[in-house]
Amino acid sequence: MRLNTARLEMLSLLDGLGTMRAVAAALHMSPSAVSAQLAVLEAETQTELLRRSGRRVQLTPAGRTLARHARIILDQVKAAEADLQGRSGQPTGPVRLAAFSSVIRTVVIPLAARLREAHPRIELEVAELDPQASHPALRRGDYDIIVAADFIDGSMPLHPDVHTIPLLTDAIVLVLPRPQAASDAPADLADFAEAAWSIDMPGTYLSNLVTSTCRQAGFEPVVAGRFASYELLLAHIEAGLSVSLLPELAVDRRYHVATRPLRRPLTRHVYAAVRSRSTLTTASQIVLHELRDLATTPLSRHERIPAGEASNPVGVRNVGSPTH
């Protein structure tokens, strides 16, 4: 039996995307062509890989097992191709990285700048992706590395096919307008029961975080604004219209806001993740190493602006300056 890597890729994508139509769109093929190729794969393996029910298709247990092997095989092929391209001694090839917005701004963009100087033949492709979406995308092979954060309530379980690498911890802080920040001492949220709050859309991580944390402090937050972007939320706070809770990495220092730690601290953990049983290319290993280095350097972390400070806006610090 000889397995065809193109057909293995189709099976892996079907496992991740769920429908023939989605696989066909990803590969710029027709659904009938994808179906025909997977039928050939079944014949090659002499195994029932798909179970059809009307127009729906599901992978059998054998199909899911082969899909997991397929991801490992495809990663090995990619690693071999990259090694051959990098015979000059310089790491070469594409690395696809997905991360959430605040860590892209504070860590990943400086990482790209560092790689451009130190490893110009590594082609880093960066995509913004919510942690809930990045894990499935990693498992189906859309990305080589993701950066995600755990949910404080432990509601995001990890998949056995995913290996995580801790990067940093990120405190949840109270964000408020500079003129209203009379103190930079740890904040008791009960003192802000009468304040107007800005939060994310209903059902999102930030919305749930603010609501549940305020309820634990004994009050229901009065919502003055709902915003899908941190930039609009921070602008609302800057204008003196609200307060909120944010992960510290999300507090863009170009806005005139102050932050205070919480009397009852909350912390999220930011981590990188790769497919657990796959071989990383040399380029991916270097990206992961540089990512860990940038995430742990003190320059990559925000310095909290004291409550009473009323200086001009501070731009985002470039954390990508080479240290060697």
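Only the coordinates and a few stated rules stand behind these numbers; no lab work does. Bear in mind that the values here come from a model prediction, so they are computed numbers and not experimental data. Cβ coordinates were reconstructed from backbone atoms using ideal geometry, including for glycine residues, and neighbour counts include every protein chain displayed.
Some notes on this structure:
- Built amide H within the under 5 Å cut-off of ALA196, gap 5+: VAL243
- Quick note on segment 170-265: its Rg to Rh ratio, both from C-alpha atoms and Rh being the Kirkwood radius, is 0.91.
- Among THR204, THR169, a tally of other beta-carbon atoms within 10 Å of each Cβ gives an order, fewest to most, of THR169, THR204.
- Distance cut-off 20 Å, percentage of C-alpha pairs in segment 116-209 lying past it: 58
- Sorted fewest first by neighbouring Cβ atoms within 10 angstrom, ARG140, ARG275 come out as ARG140, ARG275.
- Inter-part distance, segment 11-27 to segment 43-67, computed on C-alpha centroids, equals 13 Å.
- MET201, MET10 arranged by Cβ crowding within 10 Å, fewest neighbours leading: MET201, MET10
- Here the Kirkwood formula puts the hydrodynamic radius of segment 5-83 at 12.7 Å, using every distinct Cα pair.
- What the phi angles of segment 42-56 give under the Karplus curve with 6.51, -1.76 and 1.60, with θ = phi - 60°, is a coupling list of 4, 5, 5, 8, 6, 9, 6, 9, 10, 10, 9, 9, x, 8, 8 Hz, glycine and proline written as x.
- Each of (1) 16.7; (2) 28.6; (3) 19.6 is a candidate for mean projected area of the Cα convex hull in nm²; the one calculated from this structure is (3).
- Counted charge near LEU74, where neighbours are those whose Cβ lies closer than 14 Å (Asp, Glu -1; Lys, Arg +1): +2
- Dividing the summed helix terms, -39500 (n - 2.57) for each DSSP H run of n ≥ 4, by the number of residues in the chain produces a 222 nm estimate of -11500 deg cm²/dmol to the nearest 500.
- HN-Hα J in Hz across segment 269-285 - Karplus 6.51, -1.76, 1.60, θ = phi - 60°, x for Gly and Pro: 10, 9, 9, 9, 9, 9, 6, 5, 10, 10, 8, 7, 5, 4, 4, 5, 4
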